[in-house]
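Visitor: Structure provided below as structure tokens; questions to follow.
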Amino acid sequence: MMKSLLALRLTSATALCLAIGLTGCATSPSAGVSTANPAVGTMSDPSFGRYQVYTMPLPEGIKVQRATFTPSGKVLIDYTEAGDTNRNLLKLATLNPDGTGMRPFFAQELSDVPTGGVNLMILPDDRRIYTGDYVIECQQALALCENPQLLPVEFPDEVAKGRDYISHHRSEVIVSPDNEHVAWTALLSNYSAMVFTGKLEKHGSGYRLADPQIISSLHPFKPDPGHPDGVLPQPVRGGEVKQFVSGGTAISLVGIVNHALPDSTVQHLSDGRIEAITNTPGYTETTIFSPDERLGMTMTTGFSEKTDMAVVGLMPRPYPDSLNIGLARYAYTYGVSGVRRSRPGNIGPALIDISKAKKQDGYLGANLSTDESWVYESPMSWHPSGKMAMWQERRRQAAGNNDEGDRIQIVRLLDYAPGAAPAVRPWSLNKAYTSSDLSVAKKQAAGGHDLDVKVYGRASGYLTYRRTAGGTIEKVYYDFSDDGRSVYSGSERMEGNPRGRSTYTAAVALKGPTPGEMKLKMTFGPLGGELPSRIIFEEDASGRPLSFGYAQYGSQRLEVGTLVP
């Protein structure tokens, strides 16, 4: 079917393949391949040496929807061609990383449009693709696949049929290296989320998710035995799942540990422990670990000074997870979805040294964005060799040419010597923090709006936290200290209105070894539109700006005024 693409010449894709050191490069005439944006120069980083970023050429007329590396090192794409108008039609093919050798193997209409989109999660056996609602099953490896089957996946009834309390039965899905277990995030009707694990097993004419377990937090507070009117905040587990790591015994996900805005975290399944992978004041998430788990790819606003809302995350505050002030959705819509639409800026991705990211506050890694008119889109994946990683980019809407589709970007590490991948380990969940009672999802969706708690400092003072269904969140510090050295006083308040104006104010002082201060006000426009969460700098009726101020922590100071609207 690709005869119309044949070109009687040696394509630049072959030269690119040879230049980047791939094996199996075509040295004879091959399919016509787009040569736009073929490569960028060599760069270097102290952690992983020299690296190159290049745009993977694609056969002419092909528009990529999603792409990922396969366990054998091929590239799997979900694509469309000219004339494809059926949104339910899923077409898959494999290619070489140089863009040659396209081999379509699947084209079938899905029965409906999945609410969570189509994922391309390839199981380690390299013959099954878990899309979230289906398994595409081959008898051979994907690169040799013929006559694949499309098999439905049956979710637990409490998830699949709970439409009055579950808005999306799944968003992201991931597969374990044990070739059996999966995890997924479900979105509840109260805008919260739950994380589940299960075993993907054959059942009837398809698959089902057996032995489902809830692994996200169900009880954010415990009674404080020392203070009858107080509570003890508990670590918040869960978040949007991204990848199984540590041989299948842990999950990389989005979380909050040290700052008011999300970072990348890992949840260890054996004990529920949450480990911070990145520690940045701005918005950082989605670490996809390399096969040896020494490097990672992550999305971050940290390289984009004018769209990175680090000013609200710079100064650490107590319990930013369980007592969150509600800033994450504004930081995301402002610095991520807003940049993807029309706001100048970039969101990486970044290539990080995992060890450095864990140890060095504010470490961002290497910025792999090479063209400001193109913006990172998920997913990200690693070549099994550990020497290449891949992601997608889409031209910013304001830059025009929105019909050209995504481009596939690949970074090749020229000097890095990958280590061995962690061995697959037995599946183990700690029943002390998980639950097999899925009916609690309905209870979780029904609650969580109104909250009024008091938390005593382990050393001195206390704080109060109040949240209402109307969108107000207020956190007040009364000489609060957990360690006897860092003492917080003051308050911060969010008055949220997703469809109108939202206002965040902070007047917080931190005394101690690293002093800090927040004196700021930020007024945001609606979460949607061409400029989501626009920061409104105009003056109010009294002549005061609607957004102004600063945050300082130690010697670092950030100003609200440096951000673009």
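Visitor: Take the cross-link list 91/199; 306/443; 91/358 and give me the ones stretching past 29 Å between alpha-carbons.
Guide: Over 29 Å Cα-Cα: 306/443; 91/358.
Visitor: Using the basic label-point model (7 angstrom from Cα toward the beta carbon), what is the residue 449 to residue 564 distance in nanometres?
Guide: With each label point 7 Å from Cα toward Cβ, the separation is 3.8 nm.
Visitor: Among 128, 329, 341, what's the order by accessible area (1.4 angstrom probe), most exposed first?
Guide: 329, 341, 128
Visitor: Leaving out ligands and nucleic acids, note down the accessible area per residue over the chain with a 1.4 angstrom probe, in whole Å².
Guide: 42
Visitor: Something else about it: Can you find, among 168, 129, 183, the residue sitting farthest towards the positive end of the charge dipole of the stretch 110-184, where Lys and Arg contribute +1 and Asp and Glu -1 at Cβ?
Guide: The residue sitting farthest along the positive end of the dipole is 168.
Visitor: Once ligands and nucleic acids are excluded and a 1.4 Å probe is used, how much of residue 268 is accessible, expressed in Å² to the nearest 10?
Guide: We get 30 Å² for residue 268.
Visitor: According to a simple spin-label model (label point 7 Å from Cα along Cα-to-Cβ), what is the distance in nm between residue 417 and residue 431?
Guide: 4.7
Visitor: Next question, about the same structure. Full extension from residue 424 to residue 378: what is 0.36 nm times the residue separation minus their Cα-Cα distance, to one decimal in nm?
Guide: The residue 424-residue 378 span can extend by a further 14.0 nm.
Visitor: Tell me, in nm to one decimal, what length is gained between residue 154 and residue 439 on full extension, where the rule is 0.36 nm per residue of separation less the Cα-Cα distance?
Guide: Result: 100.9 nm gained on full extension.
Visitor: Moving on. Determine the dipole magnitude for the stretch 344-445: charges of +1 sit on the beta-carbon of Lys and Arg, -1 on that of Asp and Glu, nothing else is charged, the reference point is the Cα centre, and the result goes in debye to the nearest 20.
Guide: Result for the stretch 344-445 is approximately 580 debye, rounded to the nearest 20.
Visitor: Using the per-residue mean of other Cβ atoms lying within 10 Å as a proxy for protection, in what order, highest first, do the peptides 452-461, 118-127, 77-86, 288-297 fall?
Guide: Ranked from most to least packed, the peptides come out as 288-297, 118-127, 452-461, 77-86.
Visitor: Could you tally the net charge around residue 453, taking each other residue with its Cβ under 15 Å from the Cβ of residue 453, Lys/Arg +1 and Asp/Glu -1?
Guide: -1
Visitor: Here's a follow-up. Could you size up the charge dipole of the stretch 122-191 around its Cα centre, putting +1 on the beta carbon of Lys and Arg and -1 on that of Asp and Glu, and report it in debye to the nearest 20?
Guide: That gives the stretch 122-191 a dipole magnitude of about 200 debye.
Visitor: Given labels modelled 7 Å from the Cα in the Cβ direction, how far is it in nm from residue 555 to residue 538?
Guide: 4.1
Visitor: A follow-up question, please. So, with a 1.4 angstrom probe, what is the percent of accessible area on the chain that is carbon and sulfur?
Guide: 50
Visitor: Can you tell me which lysines have their Cα less than 22 Å from the Cα of residue 511? Leave out same-chain residues fewer than eight positions away.
Guide: Partners found: 454, 475, 519, 521.
Visitor: Taking only C-alpha pairs under 8 Å that are 6+ residues apart, what is the relative contact order of the chain in percent?
Guide: Worked out over the chain, it gives 11 percent.
Visitor: May I ask for the distance between the Cα centers of the stretch 260-282 and the stretch 139-214, given as a whole number of Å?
Guide: 24
Visitor: Suppose every K and R has +1 on its Cβ and every D and E has -1 on its Cβ; what is the size of the dipole of the chain about the Cα centre, in Debye to the nearest 20?
Guide: The dipole magnitude comes to about 380 debye.
Visitor: From the C-alpha coordinates alone, can you work out the Kirkwood hydrodynamic radius of the stretch 449-565, in Å?
Guide: About 15.6 Å for the stretch 449-565.
Visitor: Between residue 404 and residue 72, what FRET efficiency follows from the Cβ-Cβ distance if R0 is 35 Å, with the result rounded to 0.05?
Guide: 0.75
Visitor: Go ahead and collect, in residue order, the members of the stretch 529-565 whose backbone nitrogen is under 19 Å from a label point 7 Å along the Cα-Cβ direction of residue 497.
Guide: Residues 529-548 fall inside that zone.
The values are calculated or read from the model by the stated rules, or taken from the named source; none is laboratory data. Everything quoted here is computed from the prediction, not taken from an experiment. Reconstructed Cβ throughout: ideal geometry from the backbone, glycine too, with neighbour counts over all protein chains shown. Keep in mind that these areas ignore ligands, DNA and RNA; they rest on the heavy atoms of the full protein, side chains included. Shrake-Rupley method; radii C 1.70, N 1.55, O 1.52, S 1.80 Å.
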